[in-house]
1. Give me the residue from the range 191-210 that is part of a helix (DSSP H, G or I) and hydroxyl-bearing (Ser, Thr, Tyr) and, out of that set, modelled with the highest pLDDT.
2. Yes or no: Ala229 surrounded by 13 or more Cβ atoms within 10 Å (Cβ to Cβ), at pLDDT 75 or above, part of a helix (DSSP H, G or I) and touching a helix residue (DSSP H, G or I) at 6+ places or on another chain (Cβ under 6 Å)?
3. Only one residue in Glu267, Glu251 is assigned to a loop (DSSP other than H, G, I, E, B), acidic (Asp, Glu) and at pLDDT below 90. Which one?
4. Being surrounded by 22 or more Cβ atoms within 10 Å (Cβ to Cβ), over 16 Å from Ser117 (Cα atoms) and modelled with pLDDT of 90 or more narrows it down to one of Ala256, Ala273, so name that one.
5. Looking only at the range 311-334, decide whether some residue is within 10 Å of the chain's Cα centre (by Cα) and of a type in the set (D, E, K, R).
6. Val148: surrounded by fewer than 24 Cβ atoms within 10 Å (Cβ to Cβ), under 20 Å from Phe287 (Cβ atoms) and of a type outside the set (S, T, N, Q), yes or no?
7. Would you tally the residues in the range 275-302 being part of a helix (DSSP H, G or I), out of contact with any Pro (no Cβ under 9 Å at 6 or more places or on another chain) and among the hydrophobic types (A, V, I, L, M, F, W, C)?
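The values are calculated or read from the model by the stated rules, or taken from the named source; none is laboratory data. This one's a predicted model, so the numbers in the text were calculated from it and none came from an experiment. Here the Cβ positions follow ideal geometry from the backbone for every residue, glycine too, while neighbour counts run over all protein chains shown.
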Amino acid sequence: MSAGAAAIPGSGVGAPHERYRPGSVEFLAAVLLLTLLLQRWASHQLGGAAIRMAGTVFLAIIVQAAPFLALGVVLSGAIAAFVPATFWQRVLPSRPALAVPVAGLAGAILPGCECASVPVSGGLMARGVPPSAALAFLLSAPAINPVVLAATAVAFPHRPEMVLARFLASLVTSVGMGWLWLRFGRPHWLRIPSREHLLGANVWQTFRLTATHDFLHAGGFLVIGGITAAILNVAIPRSWIHTVASVPGVEVLALALLAVVLAVCSEADAFVAASLTGFSYTARLAFLVVGPMVDVKLVAMQSGTFGRSFAVRFAPTTFVVATIASVLVGWWLL
């Protein structure tokens, strides 16, 4: 066969060798298998009560997140099928530096949680939205939407300034991270989801293919993140949390880290924060700002959608920026 001859379909001749890369389904199967194999050992080491608590935490995370994940994949499918790429060019400013705050403010009009924002932001990137703007939306949508702000107002009925503080600190973090990515981000750090294989013969087939793909992909990493959060909830002694609550300054970092571990849905985290009465309002603000942007399930979903190189850089930086924004806004308003 000559060098220029075409490869014969199915023969493997001339076909490039592609390295196998496990996806979310494979990871999920491995984690479930490992859980089954270690179930008896874990029950013996931790006790039946700890195992039941971990199972309760895991189910709570999945039950809280599933409806909003479904909303997110429906929106992602609708964007891919019914919204032309030129729409985003008309709506967003042509300069990425101006598109970032516009995208951040757009998060205020879309009810949803962090699980919904991941597939939506991935779909926006695939439709040509600048990554810096899509990432600003990724962080702001679960933190400043009307449902979250209303829940915060109900959870803190005598401190209405908590609503304003949460809105401002979250918006500053999301816009700041968008600008940081615009300035320092590198294209090879971010894997923009490819959508070409999801184009159907008509808009409804495209909608179905996209929604199904995003649900299976993001859902697998949601389960992995939920298992991680459940294990950490059982492994970290509650006495450690009460000890650091009495140390000024450290309490802010402690609640920020607790938000990462607990992985509470943004629609419910205000009630958790309100119950932490031993901590200052600034520390509880850090819990509310960090949680919707950086938690174990969200990092797992970001890693699966945008790549590990992205997650290991973006998540820690977001944690630092969100904590600093919470301290500054809390010092000003609370």
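1. Applying the first criterion (part of a helix (DSSP H, G or I)) to the range 191-210 yields 196-198, 203-210.
Imposing the further condition that a residue be hydroxyl-bearing (Ser, Thr, Tyr) reduces the set to 206, 210.
Values: Thr206: 76, Thr210: 71.
Among them, the one singled out is Thr206.
2. no
3. Matching residue, one of Glu267, Glu251: Glu267.
4. Working: Ala273 fails: modelled with pLDDT of 90 or more.
When all the criteria are applied, what remains is Ala256.
5. No - not one qualifying residue is present in the range 311-334.
6. Answer is no for this residue.
7. Result for the range 275-302: 10.
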